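Q: Below you will find the structure I want to go over with you.
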Amino acid sequence: MGLCAGGLKVIIVQASADFSNVTASGYSFAAFSVGGLVGGLAYGRRTWKAPLRIRYTLATLALKVGALILAFLAASPLMIVAAFCVRLPMTPLIVIAHLLVDERISAARHAEANALLGSGYNLGSAAGAALGGQLIGITGPGITAVALAAATALAAAASYRLPTCTQQTITVDASAERAAAPKT
């Protein structure tokens, strides 16, 4: 997700310059933020029955669809709508990722796992911006958005392959931590 978000930031600026001017990118970034707000509120309002890994996979696929919408609308004023659409699943993805930490990692390791999650997002965002900038220079914003969609599809496939979580997995992990803890 970070890779996609970083690349999108570069795409929005370049695509705005292509159809209008760079100052118009502010409207697209505003729509991007509002999309995250709407997506997060909609996700939080619903009661979910699907397992977290399935929800994560579906939200990642929605991000891919958003990136493809952006690819097709990148050089038009409708890019504002595309920026909104591509951000819709991002807030739910962040929420689900943290819930996956709660589900799969023992409580004693939550802070470390969540720090790694945030650091991974930031690293991905930096890589996406750097690589997206280089790719835009060669291919333009539309093809760059398609490349981000492809990377997102790979992430969806990887998230779907996560093993099914069981309470036994967490209990065994917690038992191993207690056994390894220094005795006082």
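Q: What is the calculated FRET efficiency for residue 126 to residue 157, with r their C-beta to C-beta distance and R₀ = 41 Å, to the nearest 0.05? Intermediate results must be reported in sequence, preceding the final value.
A: Working: r = 23 Å, r/R0 = 0.57.
Rounded to the nearest 0.05, the efficiency is 0.95.
Q: While we're on this one: Place a +1 charge on the Cβ of each Lys and Arg in the stretch 2-180 and a -1 charge on the Cβ of each Asp and Glu, then give the dipole magnitude about the Cα centre in debye, rounded to the nearest 20.
A: Computed about the Cα centre, the dipole is about 380 debye.
Q: Report the FRET efficiency, 1/(1 + (r/R0)^6), for residue 49 and residue 114, where r is their Cβ-Cβ distance and R0 is 30 Å, rounded to 0.05. Please list the in-between numbers first.
A: Details: r = 25 Å, r/R0 = 0.83.
E(calc), rounded to 0.05, equals 0.75.
Q: So who's got an amide H within less than 5 Å of the one on residue 75, skipping anything under 5 residues away but keeping other chains? H placed 1.01 Å off N, in plane.
A: The answer is none.
Q: While we're looking at this one, here's another question. So what are the three principal axis dimensions of the stretch 12-76 from its Cα atoms, in whole Å, longest to shortest?
A: Sorted from largest, the Cα extents of the stretch 12-76 read 45, 20, 12 Å.
Q: Moving on. Only four residue types carry charge here, +1 at the Cβ of Lys and Arg and -1 at the Cβ of Asp and Glu. Report the dipole size of the stretch 28-102 about the Cα centre in Debye, rounded to the nearest 20.
A: 220
Q: How do 57, 152 line up, fewest other C-beta atoms within 10 Å first? Could the numbers behind the result be given before it?
A: Working: 57 21, 152 25.
With the sparsest Cβ surroundings first, the list reads 57, 152.
Q: Through the Karplus equation 6.51 cos²θ - 1.76 cosθ + 1.60, θ set to phi - 60°, convert the phi angles of the stretch 101-109 into ³J(HN,Hα) values in whole Hz; use x for Gly and Pro.
A: Karplus-based 3J(HN,Hα) across the stretch 101-109 equals 4, 4, 6, 10, 10, 4, 4, 5, 10 Hz.
Q: Taking only C-alpha pairs under 8 Å that are 6+ residues apart, what is the relative contact order of the stretch 2-180 in percent?
A: Values: 253 pairs, mean separation 69.9, N = 179.
It rounds to 39 percent for the stretch 2-180.
Q: By how many nm would the segment from residue 103 to residue 38 grow when fully extended, if each residue of separation counts as 0.36 nm and the alpha-carbon distance is taken off?
A: 20.9 nm
Q: Here is a follow-up. Tell me which trypsin sites (Lys or Arg not before Pro) from the stretch 40-93 have a DSSP coil assignment and no more than 16 other beta carbons within 10 Å of their own.
A: 46, 49
Q: Which ³J(HN,Hα) values in Hz, rounded to whole numbers, follow from the phi angles of the stretch 27-33 under the Karplus curve 6.51 cos²θ - 1.76 cosθ + 1.60, where θ = phi - 60° and Gly and Pro get x?
A: 5, 5, 5, 5, 5, 4, 5
Q: So what are the ³J(HN,Hα) numbers for the stretch 130-143, from phi and the Karplus equation (6.51, -1.76, 1.60; θ = phi - 60°), rounded to whole Hz, Gly and Pro as x?
A: 5, 5, x, x, 5, 5, 4, x, 8, 10, x, x, x, 5
Q: Given the -39500 (n - 2.57) contribution per DSSP H run of 4+ residues, what per-residue ellipticity at 222 nm results for the chain, rounded to the nearest 500 deg cm²/dmol?
A: -27500 deg cm²/dmol
Q: On to the next question. What is the sum of charges around residue 162, taking Lys and Arg as +1, Asp and Glu as -1, for the other residues whose C-beta is under 9 Å from the C-beta of residue 162?
A: Around residue 162, the surrounding residues sum to +3.
Q: Oh, and also: What does the charge count around residue 82 come to, taking other residues whose C-beta lies under 15 Å from its C-beta (Lys +1, Arg +1, Asp -1, Glu -1)?
A: Around residue 82, the surrounding residues sum to +2.
Q: Also, I was wondering about something else. May I ask for the net charge around residue 62, where only other residues with Cβ less than 11 Å from the Cβ of residue 62 are counted and Lys, Arg are +1 while Asp, Glu are -1?
A: +3
Q: Looking at (i) 113; (ii) 124; (iii) 193, which value of volume of the Cα convex hull per residue in Å³ comes from a calculation on the structure shown?
A: Comparing each candidate, only (ii) matches the computed number.
Q: Right, another one. Charges on Cβ only, +1 for Lys and Arg, -1 for Asp and Glu, centred on the Cα centroid of the chain; of 47, 108, 62, which one is farthest towards the dipole's positive end?
A: 47
Q: Let me ask something else about it. Need one word for the stretch 38-143: rounded, prolate or oblate. Basis is the Cα gyration tensor (sqrt eigenvalues a ≥ b ≥ c); a/c below 1.5 gives rounded, then a/b vs b/c decides.
A: oblate
Q: Of all chymotrypsin sites (Phe, Trp or Tyr not before Pro) in the stretch 13-65, which ones are in loop regions per DSSP and have a Cβ with at most 15 other Cβ atoms within 10 Å? Let's see the in-between values first.
A: Values: sites: 19, 27, 29, 32, 43, 48, 56; in loops: 48.
Taking the stretch 13-65 and a limit of 15 other Cβ atoms within 10 Å, the loop chymotrypsin sites (Phe, Trp or Tyr not before Pro) found are 48.
Read-outs throughout are calculated quantities, based only on the coordinates presented, and are distinct from any laboratory measurement. Here the structure is a predicted model, which is why all the values come from computation and not from measurement. As a convention, Cβ positions derive from the backbone with ideal geometry for all residues, glycine included, and neighbour counts pool all protein chains shown.
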